[in-house]
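Shown next, in structure tokens, is the structure this report addresses.
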Amino acid sequence: MDERARPEGTVPTGADDRTSATGGEQRPGGHTQLELRHLRAYVALCEESNYTRAAARLHLSQPALTRTMQQLERHLECRLIERTSRRFVLTDEGTELLTHARRILADVDTVAAQLRARAAVEVGFAWLLPTSWLAGTRRRYEALGGRITLHRIDDPLAALEARAIDIAIYRRETRLPSHLESRVIATEQRLLAVAANSPLADASDLRWADLAGYPLVVNVVSGTTHAGSWEQGDPDRPIITCRNFDEWIELVAANRGIGGVPALARSRAPHPGVVYLDIPDAPPSHVYLAWHAKPAPSRAVQRFLGVA
């Protein structure tokens, strides 16, 4: 019978559909393994009582839905839908399957939602996470059933690009590629860091502009302060570079140069060879959160972003 002329609600007989247009795996003897997609299609068809409406709901063509129903009946070796009338009528077996299919799909969807809610979000940072932000975000996210796993990484943005983590926390101002998005999660007072034996350690009334000519230690991967942090910097000032916070603080302690650092370092990263000084007009630094926006992030990451 031509597909267009087939009464609504009937499944053509005699078609030996050995392959699935929707990707079902064939068992020996031509039987398709029963999959959740068969049950979802069957429940949708029963609820719509109409192939055209059910196919549209499932985003399938009507012939594809017909083949799916054929596969299901062959697998179960019974007729599910009466073929003798234009009315949509289930057989006794079809009614029994509908009851079980709804329960199975509800159970699977519930378990999947619970597991997704508990999925860990991998957060990478280079140094000194903002304490209050982390505590509040962790509390709110865990209240949703999720978990946060922290990773100390020299270059969080590179790890994010490589998809080794889900979220990158960073401080260095940089232009991100178009598939990444970011937002500011904290603004921090900037301190001056100098060696304990530097003449600057006992200085008072220092202004930010006064520091423009001193040798500067710059963490080129994750630092907050660099030569461009001064509006009128000395183009000839010595710049000593490093690639992580541990190297940076040891270079400052060795009096190789001065550095700028968030005020959090005073309590979280004390060093016997380093003195932290308040500079009233020092520009603040920012903490950023970045994630993959294209393709769209997972639901776990979206929930995290909603509370971060």
remark   = The long-range amide H neighbours of ILE258, using H built 1.01 Å from N in the peptide plane and a cut-off of under 5 Å, are LEU216, VAL217
query = What accessible area per residue, rounded to a whole number of Å², is obtained for the stretch 183-231 using a probe radius of 1.4 Å?
reply = 45 Å²
Choice from PRO283, PRO63, PRO156 showing the highest fluctuation, given a GNM over the chain with Cα pairs closer than 10 Å = PRO63
request  = Between ALA265, ALA195, ALA135, find the one with the highest GNM mean-square fluctuation for the chain; connect C-alpha pairs within less than 10 Å.
outcome  = ALA135
message = Contact order normalised by length for the stretch 89-202, with contacts defined as Cα pairs under 8 Å and 6 or more residues apart; what percent is it?
response = 25 percent
remark   = Within the under-14-Å Cβ sphere about ILE104, not counting ILE104, Lys/Arg +1 and Asp/Glu -1 give a net charge of 0
task = Only bridges with both residues in the stretch 37-183 count here: give the DSSP antiparallel percent, nearest 5.
result = 10 percent
note = Fraction of alpha-carbon pairs in the stretch 197-237 farther than 14 Å apart, rounded to whole percent, equals 53 percent
note = In degrees rounded to 10, the 0-90 angle between helix 92-117 Cα long axis and the longest Cα principal axis of the chain is 0 degrees
request  = Could you please report the charge total around THR137, scoring K, R as +1 and D, E as -1 over all other residues with beta-carbon less than 15 angstrom from its beta-carbon?
outcome  = +3
Descending principal axes extents, the stretch 135-280, alpha-carbon based, whole Å = 52, 31, 25
ask   = Which net charge results for the neighbourhood of GLU47, defined as the other residues with beta-carbon distances under 13 angstrom from its beta-carbon, given Lys and Arg at +1 and Asp and Glu at -1?
value = +3
query = Rounded, prolate or oblate: which one fits the stretch 114-161, using the alpha carbon gyration tensor with axes a ≥ b ≥ c (rounded when a/c is under 1.5, else prolate when a/b beats b/c, else oblate)?
reply = oblate
ask   = Out of the stretch 199-308, which chymotrypsin sites (Phe, Trp or Tyr not before Pro) are coil in DSSP terms and have no more than 14 other C-beta atoms within 10 Å?
value = none
note = Percent antiparallel among DSSP beta bridges confined to the chain, rounded to 5, stands at 60 percent
query = Taking only protein heavy atoms and a 1.4 Å probe, what accessible area per residue, in Å², does the stretch 133-181 have with all protein chains in place?
reply = 56 Å²
query = What's the carbon and sulfur percent of the chain's accessible surface, probe 1.4 angstrom, rounded to a whole number?
reply = 51 percent
note = quick shape note, the chain: Cα extents on principal axes in Å, largest first -> 99, 36, 34
task = Please give the contour-minus-distance gain from SER298 to ALA209: 0.36 nm per residue of separation, less the Cα-Cα distance, rounded to one decimal in nm.
result = 27.5 nm
query = Which whole-number percent gives the relative contact order of the chain, counting Cα pairs below 8 Å spaced six or more residues apart?
reply = 18 percent
message = For a quick check of your reading of the filter: which trypsin sites (Lys or Arg not before Pro) in the stretch 49-149 sit in a DSSP loop and have no more than 15 other Cβ atoms within 10 Å?
response = ARG79, ARG83, ARG86, ARG87, ARG118
task = Assuming a ≥ b ≥ c are the square roots of the Cα gyration tensor eigenvalues, decide whether the stretch 203-278 counts as rounded (a/c under 1.5), prolate (otherwise, with a/b larger than b/c) or oblate.
result = oblate
message = For the stretch 89-198, take every pair of Cα atoms, bin their distances at 5 Å starting from 0, and report each bin as a whole percent.
response = 2, 9, 13, 15, 13, 10, 8, 6, 6, 5, 4, 3, 2, 1, 1, 1, 0, 0, 0
Value of relative contact order over the stretch 154-308, rounded to a whole percent, pairs C-alpha under 8 Å and six or more apart = 40 percent
message = Heavy atoms only, 1.4 Å probe, whole protein assembly: order GLU35, GLU77, GLU142 by accessible area, highest first.
response = GLU77, GLU142, GLU35
task = Scan the stretch 152-191 for trypsin sites (Lys or Arg not before Pro) in coil per DSSP, keeping those whose Cβ has at most 15 other Cβ atoms within 10 Å, and list them by number.
result = ARG163, ARG175
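The values are calculated or read from the model by the stated rules, or taken from the named source; none is laboratory data. Since the structure is predicted, the reported quantities are computational estimates derived from the model, not experimental observations. Neighbour counts run over all protein chains shown; Cβ positions are idealised from the backbone, glycine included. The accessibility values were calculated without ligands, DNA or RNA, using every heavy atom of the protein model including side chains. Shrake-Rupley method; radii C 1.70, N 1.55, O 1.52, S 1.80 Å.
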